[in-house]
Amino acid sequence: GWCLKLSSLTLGSNTKSIASNTFIACDSLCALTILSTDCEIYDDANTLPENTTIICYENSTADLYAKKYERKVLYIKIGDVDLDSNVSVMDATTIQRHLAQTAPISDDQMRLADVDKDNDVSVMDATKIQRFVAQIIPEL
């Protein structure tokens, strides 16, 4: 199979469904990020490999699947631009690299990067993340 050595994968917000056999023989898949909040996941314990950590939005269909089948789940939060389920200085760096045009980010990452919610990803968003990480502000 195509996924014997696949260790991580991100499915975008436009992902509509995951079929029962999508991840057959993907036992090395350690982390699956699902950016869609309403992705229909075939309702069976074997749809996603048992040892795969599901990274998703809280209360999404992926979260419901993870809870139902007792899978490890990590939540995506605003400011988590690098999608590691942790808001850190690396997220601010990801924004800065995007602004410097050295490492573009996806539309999904752009939504997470716009922490000041002004519909524009700017150095102000990176600064706000840095202030949050330094505990200068209590929340994003």
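Key figures
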quantity	calculated
Residue within region 80-100 that is farther than 22 Å from Val123 by Cβ, open to solvent by less than 60 Å² (accessible area, probe 1.4 Å), at pLDDT 95 or above and of a type in the set (Val, Ile, Thr) present	no
Evaluation of Lys128 against (1) in contact with an Asp or Glu (Cβ under 7 Å, 6 or more places away or on another chain); (2) open to solvent by 20 Å² or more (accessible area, probe 1.4 Å); (3) within 18 Å of Gly12 (Cα to Cα) (one fails), failing number	(3)
Any chance Ser106 is within 30 Å of Ile24 (Cα to Cα), open to solvent by less than 20 Å² (accessible area, probe 1.4 Å) and within 15 Å of the chain's Cα centre (by Cα)	no
Test result for Asp44, of a type outside the set (Val, Ile, Thr) and open to solvent by 20 Å² or more (accessible area, probe 1.4 Å)	yes
Failed item in (1) surrounded by fewer than 17 Cβ atoms within 10 Å (Cβ to Cβ); (2) at pLDDT 95 or above; (3) closer than 28 Å to Ile78 by Cβ; (4) over 14 Å from the mean Cα position of the chain (by Cα), with Ala19 passing the rest	(3)
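The values are calculated or read from the model by the stated rules, or taken from the named source; none is laboratory data. Just so it is clear, the model here is predicted, and its values are computed rather than measured. Note that each Cβ is placed from the backbone with ideal geometry, even for glycine, and that neighbours are counted across all protein chains shown. Each accessible area value is taken on the protein alone, full model and side chains, heavy atoms only, with ligands, DNA and RNA left out. Shrake-Rupley method; radii C 1.70, N 1.55, O 1.52, S 1.80 Å.
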